[in-house]
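Values quoted throughout were computed directly from the atomic coordinates according to the rules given, and no laboratory measurement underlies them. Here the structure is a predicted model, which is why all the values come from computation and not from measurement. All Cβ positions, glycine included, derive from the backbone under ideal geometry; neighbour counts span all protein chains shown.
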Amino acid sequence: MKRLLLALPFALISTGAFAQDVPAEVRMDMWCGMAFQIVVVAPPDASPEDLVQIDRYLQGAAALVERATLGLTTAGLDAPGIEAFKAALLPVVTQQVNGTEEPEFSPEACTPLIEPLLPAEPAPEPAPSSETSSSAEPSSSSAQ
């Protein structure tokens with residue numbers, strides 16, 4: 001019985017039960033959002049600037065998944081249906097982005113979806129001033 005329950009989400013996604021109810025653009029949003037969440041990781045030697053960019057893309061990926069989740073709701077899926085859809089899609093996306101299967105969508109197709117959802121880049125830090133605050137101002141009074 002447990003095997004049947006575990007196989008059910010995969011059977012639903014592969015037989016098209018969800019595909020009939022989920023608009024293609026919603027599926028693409030979910031696929032691309034999950035793909036970015038999988039591939040955007042911080043290497044151990046990431047610079048602070050790299051970490052800022054990684055965080056921006058993770059936030060954008062989360063926003064893309066949220067947009068897809070709202071699309072699933074609009075398409076008529078309830079909370080359990082949405083979770084089943086995500087649970088069935090995640091291993092598929094993982095296999096595809098890790099190169100064990102042909103990806104459903106390319107990076108070129110996903111990038112334009114995430115870019116408008118990225119948080120603004122932080123303003124650059126101002127350069128340290130070369131002036132010192134202990135410099136004395138010239139005196140305007142003259143000794144006569």
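Listing for the model above:
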{"read-out": "Exposure proxy ranking, count of Cβ atoms within 10 Å, fewest first, for R67, R27", "value": "R67, R27"}
{"read-out": "In sequence order, calculated HN-Hα J values of the range 68-85 (Karplus, 6.51, -1.76, 1.60; Hz; x Gly/Pro)", "value": "5, 4, 5, x, 5, 5, 4, 6, x, 7, 8, 4, x, x, 5, 5, 5, 4"}
{"read-out": "FRET efficiency, Q59 to A79 (Cβ-Cβ, R0 30 Å, nearest 0.05)", "value": "0.80"}
{"read-out": "In sequence order, calculated HN-Hα J values of the range 51-61 (Karplus, 6.51, -1.76, 1.60; Hz; x Gly/Pro)", "value": "4, 5, 5, 4, 4, 4, 5, 5, 5, x, 5"}
{"read-out": "Label-point separation in nm, E125 to E25, each point 7 Å along Cα→Cβ", "value": "4.1 nm"}
{"read-out": "Ranked packing of 53-64, 117-128, most packed first, by mean Cβ within 10 Å", "value": "53-64, 117-128"}
{"read-out": "Local electrostatic count at C110 - Lys and Arg +1, Asp and Glu -1, tallied over other residues with Cβ under 14 Å", "value": "-3"}
{"read-out": "Residue-count net charge about T73 - beta-carbon cut-off 15 Å; Lys, Arg +1, Asp, Glu -1", "value": "-3"}
